[in-house]
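Here is the structure we will look at, set down as C-alpha cells.
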Amino acid sequence: MSMPQVFFAYLAGMITVLSLLVVTRKNPVHSVLWMLVMFLHIAALYLSLNAEFLAAIQIIVYAGAILVLFLFVIMLLNLRKEETEKRFQNQWPFSVGVGVVLAIFSVSIVGKITVIAPLGQYTVEAVRSEGSVMTIGKVLYTDFLLPFEIASLLLLVAIVGAVVLAKRRLE
Amino acid sequence: MDLIQFIMTLIVIGVFLLHVAFVQYFERKALGHMQSRLGPMRVGWHGLLQPIADSVKLLFKEDIMPANADKPIFYLAPIIGVVAAITSLAVIPIWPGFSIANLNIGILFILALSSVGAYSIVLAGWASNSKYSFLGGLRSSAQVISYEIAMGLSLVGVMMLAGSANLTDIVNAQSKSWFILYQPVACLIFVLSALAETNRVPFDLTEAESELVAGYATEYSGFRWALFFMAEYAGMFVMSALGAVCFLGGWNGPDFGIFANVPKIIWFLLKVYGCIFTYFWLRATLPRYRYDQLMNLGWKIFIPLSLANIVVTGLVRVLWKG
Amino acid sequence: MTTSEFVKKIFFVEILKGLGLTFKHMVNPAITRQYPQEKREPVPGSRGLHALVRNPETGREKCVGCGLCAAMCPSQCIHIYTSEGDDHKKVVDRYEIEVLRCVFCAFCVEACPFGAVVLTEHFEYSGYTREEFYYTKERLLENWDKFMTGDKGKIYFERFWRPKSEDFGAQPVVRAEERAEK
Amino acid sequence: MVPLNWYIVLSAIVFSIGVFGFLSRRNLIIIFMSIELMLNSVNISLVAFSHYLQSMRGQMLVFFVITVAAAEAAIGLAILIAFYRNKPTVKVDEINLLKG
C-alpha cells in the first residue's frame, strides 16, 4: 500500500468506528464527543481530497456551531436520568438488519462501478495555483449564484423559525 | 516534513509556552500597577521567576476528582483547550518567510480551532457534575457561538482587502499601511469578540468569580487547572497575534533610519504584547457585562455592524478599483 | 438621546476616560510596602500583643487578681485563677490570655485599677500551633520585659492610659495631635 | 493513489450506520445526529467525486448540504425544545401525543 492508501485506510477505519460509537453510546454527550472526533477525521479526509476550504468549513460549521448546538440542547434539557434507561427501541434487531443489508447492497454495487465522466478544468494544480478559497468563491458567485441566494434565504427562514419555535409564550 | 522544520516547530512551541507563562506574570504586574500595587515581587528580581514557582506548585498539588464526575471527559477537557490553543499558533506568521504551516486558509484555521477550543470549557463544565461548572459551561457555549460569528465576519473585511485568507499574504498586503486604518470598525469588533472568545473581562461570564466561584474550572485543581490556565493565556496570545497580523501589520515596522535594522520579530512581539496589554488594561477598567447585555451586544450590534462593514468594504473596493 | 450623548456612546467616551484613569494609576508610583524588608513603625500606643506589668520593686506582677479585666473582656479571653496566700492575701496563680480570641479593644487596660495589664506595640507574632498563642502569666511578664524595656512602660501609661493607680497629673497633649506630629 | 470506489464504499458504510442509528435509537437528539451522520457520508462521496472528476460542482453541493444541515439542526433542536416544554421527554416512543 502506498502512503495515501495507508492514510485513507486509517481515516476510513476511524470514521467507521467513530460513527458506530456515535450511534451506540448511551450518554448523548459522549456521542457528541465521538462525533466531534469523527468530524475532525472527515476534515482530514477532505484535506487529502484537496478541499481545504471545505475542511475548514466542516470544522467551523459542523464542529463549531451545529455540534455545540447539540451539546447546548443536551445540557439544557439535562438528560442525566435518561442514561439509565434502555437506549434502543424494541425493533432494534430489525434496524440492524436494515443497516447491514443496506451496507452490503450499496457496497456491492458502488464497489464495482467505474465512473466515466468528462474531466473538468479544476485539476489539483489549477486549484493549488489559485487557492482553494478563491476557486470556490469564483464558482460560487458565477455558476452557483442562484443556489447561493436560495441558501441564504433558507438560513434566514431557519433563523426566524428557530426564534419563533424556541421563544417562550408570553401569555 | 523535514527534520529542520520539526525542530523549528518544537522550538517555537517551547518559546511560545514560555511566553504564555510570562504573559501571566505580565498580567499580574500590569494589573497590580493599575491598582497602585506592585504585583509579584518576591520570587526572583521583581518576581520574574513567579511563573516558574507557580507552575512547580501547581504540578505538585493534589489532583482532586469530584464524585460522580464523568472521568474520561473530565480528563480530556483541559487537554482539548491547550491543544487547540497551541495548534492555532501553526499558521501565525512570526517573521518574514516563517510560519510553521503557511496555509491558504490561515484565518479559517484559527477560527476552526477556536471553536474546537470552546469544547474544552463546555465539556469541563458538564463533566464536573457541579452546578457552578455547569452554568459556566452553558454560558460559554452560547457566548462562543454568538461571538464567533461576529469575529469571523469582522475578519472578512481584512480578507477582502488583502484578497487572501493566507496570513502571510495579509501581512504582506500591509507593508505600506496597516489595515486598522481602513477597517477601524472591524478592528473594534474583532477586539471585543476576541475578549468574548477568550472569556476575558468584561465578558468573563464563564468564570465570573462573584457569581460562579470559578465557573467551569470550579472542580479542577492542580495540574489540570494549570492546563486550563495555560489554555486561556495561550488563547489570549493567539488572539493577540491574530489581531496584530490582521490589523496592525504583523512584522512590518518603520523601515527608515535605525528602525530598519531592528529584527522583524521584535515588531511582531511588540504588537502582540501591545494587544495583550490592552486585554489587561480593559480588565483593570471595565466591570463585567450582564448576560443579556452580552447577548444583545453580540447579536443586535456586532453582527449587523460587521455585516454592514463587509458591504461597505466591498462597495468601496469595487468602486475604487473599478 | 441627544446628539452629544449619541456621539459619546459610539466613540466610547466614558470608557476611554476610565481607561485613562487606570493608565494614570499605572504610571503613578505604587503605595505597596515590602513588609518584611520595610517595616512600618507602629503608632505609639497602638494595641498589639499583651503583657503583664512587672512591678520593679518586687519583681513580680502588679496584678492582684481582682478579675475586672476578665469581667470587662468582650471576647472573654482572659482567665484568672487565684488562691489564698499565707498572709490571707490573694495570690494570682494563673493569669492566661488566649490571644487568638482577643479583639484588641484594650478594655482590660482601661478596666485595670492598678495598671497591671497592657497592650504592647509589638504586632509581629506568628506560630504554627494554637498553644503558642495561649499566653501564661510567665510569658506575659516576659513580654513586658521584652517590649516595654526601660522607660517605655512609664511613657505608655502617662501618655495613653493613665490608670488611676498612680497620679499622672494633668492630661497632656491630645492623642490625635501627638499622632499628627509623628 | 486511492481509488475513487474506496471513498464511495466508505460513504455507503457510514450512511448505513446513520440509517441504523436513525431507526434504532430512542433518544431524539441521537436521531438528529444520525441524520447529520448520513449527510456527512454523502459529503464524503461528493468531495471525492469532485476531486476525481476535477470539477467544483461536488464541493459546491457539499457547501449547500452543510448549509441545509445547519438550518435543519437549528430548526430541529428548536422543535425539540418547544416540545420538551409540553412533555419532558426526548424519547421517540414516548412522543405519541396523537395516540391520546
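The values are calculated or read from the model by the stated rules, or taken from the named source; none is laboratory data. Bear in mind that the values here come from a model prediction, so they are computed numbers and not experimental data. Neighbour counts run over all protein chains shown; Cβ positions are idealised from the backbone, glycine included.
Scanning region B:49-74 for residues that are away from chain A (no Cβ under 14 Å) and part of a helix (DSSP H, G or I) returns B:Gln50, B:Pro51, B:Ile52, B:Ala53, B:Asp54, B:Ser55, B:Val56, B:Lys57, B:Leu58, B:Leu59.
Among the residues of region A:109-123, is there at least one that is closer than 26 Å to D:Ala70 by Cβ and more than 22 Å from the chain's Cα centre (by Cα)? Checked against the condition, which is being closer than 26 Å to D:Ala70 by Cβ and more than 22 Å from the chain's Cα centre (by Cα), region A:109-123 yields at least one hit.
Count of region A:112-158 residues, restricted to those that are over 18 Å from A:Ile57 (Cβ atoms), hydroxyl-bearing (Ser, Thr, Tyr) and assigned to a loop (DSSP other than H, G, I, E, B), is 2. Filtering region B:79-106 to residues that are under 28 Å from B:Trp225 (Cβ atoms), surrounded by fewer than 21 Cβ atoms within 10 Å (Cβ to Cβ) and either under 13 Å from the mean Cα position of the chain (by Cα) or of a type in the set (S, T, N, Q) (or both) leaves only B:Thr87. Restricted to region C:6-32, and to residues there that are surrounded by fewer than 13 Cβ atoms within 10 Å (Cβ to Cβ) and outside any helix (DSSP H, G or I), the residue that is farthest from the other protein chains (Cβ to nearest Cβ) is C:Phe11.
All of C:Glu57, C:Glu142, C:Glu110, C:Glu121 fail the test of being acidic (Asp, Glu), within 21 Å of C:Glu158 (Cβ to Cβ) and outside any loop (DSSP other than H, G, I, E, B), apart from C:Glu110.
What number of residues within region D:74-90 are more than 8 Å from chain A (Cβ to nearest Cβ) and of a type in the set (Ser, Thr, Tyr)? Summing the residues that are more than 8 Å from chain A (Cβ to nearest Cβ) and of a type in the set (Ser, Thr, Tyr) in region D:74-90 gives 1.
Pairs are defined by a Cβ separation below 8 Å, a sequence spacing of at least 6 or placement on different chains, a first member in region A:109-125 that is within 16 Å of D:Val47 (Cα to Cα), and a second member that is charged (D, E, K, R); the pairs so defined are A:Gly120/D:Arg57.
One line per residue, one yes/no per condition, for (1) in contact with a helix residue (DSSP H, G or I) (Cβ under 6 Å, 6 or more places away or on another chain); (2) of a type in the set (Phe, Trp, Tyr); (3) more than 30 Å from B:Asn129 (Cα to Cα):
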{"position": "A:Ala51", "(1), (2), (3)": "yes, no, yes"}
{"position": "A:Leu54", "(1), (2), (3)": "yes, no, yes"}
{"position": "A:Ala63", "(1), (2), (3)": "yes, no, no"}
{"position": "A:Ile66", "(1), (2), (3)": "yes, no, no"}
{"position": "A:Lys112", "(1), (2), (3)": "no, no, yes"}
{"position": "A:Ile150", "(1), (2), (3)": "no, no, yes"}
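When B:Gly243, B:Gly274 are checked against the criterion of being surrounded by fewer than 16 Cβ atoms within 10 Å (Cβ to Cβ) and among the small types (Gly, Ala, Ser), B:Gly274 stands alone in meeting it. Of all residues assigned to region A:110-120, at least one qualifies as being surrounded by 16 or more Cβ atoms within 10 Å (Cβ to Cβ) and of a type in the set (Val, Ile, Thr).
In region A:133-157, the residue that is farthest from the chain's Cα centre (by Cα) out of those that are farther than 22 Å from A:Tyr46 by Cβ and among the hydroxyl-bearing types (Ser, Thr, Tyr) is A:Thr142. Being in the same structural domain as C:Lys146 (by TED's automatic domain parsing), assigned to a loop (DSSP other than H, G, I, E, B) and modelled with pLDDT under 80: is that true of C:Pro44 here? Spelling it out, it is not the case that C:Pro44 is in the same structural domain as C:Lys146 (by TED's automatic domain parsing), assigned to a loop (DSSP other than H, G, I, E, B) and modelled with pLDDT under 80. Applying the criterion of at least 1 residues that are away from chain B (no Cβ under 12 Å) to the helices (runs of 4 or more DSSP H) found wholly in region A:5-85 leaves A:28-48.
The residues in region B:282-304 that are within 13 Å of another protein chain (Cβ to nearest Cβ), out of contact with any helix residue (DSSP H, G or I) (no Cβ under 8 Å at 6 or more places or on another chain) and not in a helix (DSSP H, G or I) can be counted, and the count is 1. The helices (runs of 4 or more DSSP H) located wholly in region D:1-91 that include 3 or more residues which are touching a Gly at 6+ places or on another chain (Cβ under 9 Å) and buried (at least 23 other Cβ atoms within 10 Å of the Cβ) occupy D:4-24, D:28-52. When each of A:Leu154, A:Leu146 is tested for being at pLDDT 85 or above, within 30 Å of D:Phe83 (Cβ to Cβ) and either touching a helix residue (DSSP H, G or I) at 6+ places or on another chain (Cβ under 7 Å) or more than 8 Å from chain D (Cβ to nearest Cβ) (or both), the lone residue that passes is A:Leu154.
Quick one: in region C:95-133, which of the residues that are among the β-branched types (Val, Ile, Thr) and more than 24 Å from C:Glu41 (Cβ to Cβ) is surrounded by the fewest Cβ atoms within 10 Å (Cβ to Cβ)? The qualifying residue surrounded by the fewest Cβ atoms within 10 Å (Cβ to Cβ) is C:Thr129.
Within region A:118-134, the set of residues being of a type in the set (A, V, I, L, M, F, W, C) and more than 11 Å from chain D (Cβ to nearest Cβ) comprises A:Val133, A:Met134.
Filter region B:167-214 down to residues that are buried (at least 24 other Cβ atoms within 10 Å of the Cβ) and of a type in the set (Gly, Ala, Ser) and give me whichever is nearest to B:Asn252 (Cα to Cα). For region B:167-214, the residue satisfying everything is B:Ala186. Quick check on C:Ala106: is it at positive phi and either in contact with a Gly (Cβ under 8 Å, 6 or more places away or on another chain) or free of Cβ contacts under 8 Å to residues at least 60 places away in the same chain (or both)? Yes; evaluated as a whole, the condition is true for this residue. Looking only at region C:36-43, decide whether some residue is surrounded by 12 or more Cβ atoms within 10 Å (Cβ to Cβ) and closer than 26 Å to C:Lys146 by Cα. Yes, region C:36-43 has at least one match. Scanning region C:145-162 for residues that are crowded, with 16+ Cβ neighbours inside 10 Å and part of a loop (DSSP other than H, G, I, E, B) returns C:Met148, C:Arg162. Residues in region B:141-156 that are more than 16 Å from B:Leu297 (Cβ to Cβ) and modelled with pLDDT under 85: B:Ser141 only.
Quick one: would you say B:Phe179 is over 22 Å from B:Ile79 (Cα atoms) and outside any helix (DSSP H, G or I)? Against the criterion (over 22 Å from B:Ile79 (Cα atoms) and outside any helix (DSSP H, G or I)), B:Phe179 qualifies. Among the residues of region D:1-60, those identified as free of Cβ contacts under 8 Å to residues at least 12 places away in the same chain and more than 7 Å from every other protein chain (Cβ to nearest Cβ) are D:Pro3, D:Arg57. Examine region D:73-96 for a residue that is hydroxyl-bearing (Ser, Thr, Tyr) and at pLDDT below 85, and state whether such a residue exists. The answer is yes, given that some residue of region D:73-96 is hydroxyl-bearing (Ser, Thr, Tyr) and at pLDDT below 85. With respect to the conditions (1) buried (at least 17 other Cβ atoms within 10 Å of the Cβ); (2) of a type in the set (A, V, I, L, M); (3) modelled with pLDDT of 80 or more, A:Val127 falls short on a single one, namely (3). In this structure, is B:Phe109 surrounded by fewer than 21 Cβ atoms within 10 Å (Cβ to Cβ) and within 19 Å of B:Ile13 (Cα to Cα)? Criteria not met by B:Phe109.
With respect to the conditions (1) over 30 Å from B:Gly137 (Cα atoms); (2) of a type outside the set (Phe, Trp, Tyr); (3) modelled with pLDDT under 85, B:Gln35 falls short on a single one, namely (3).
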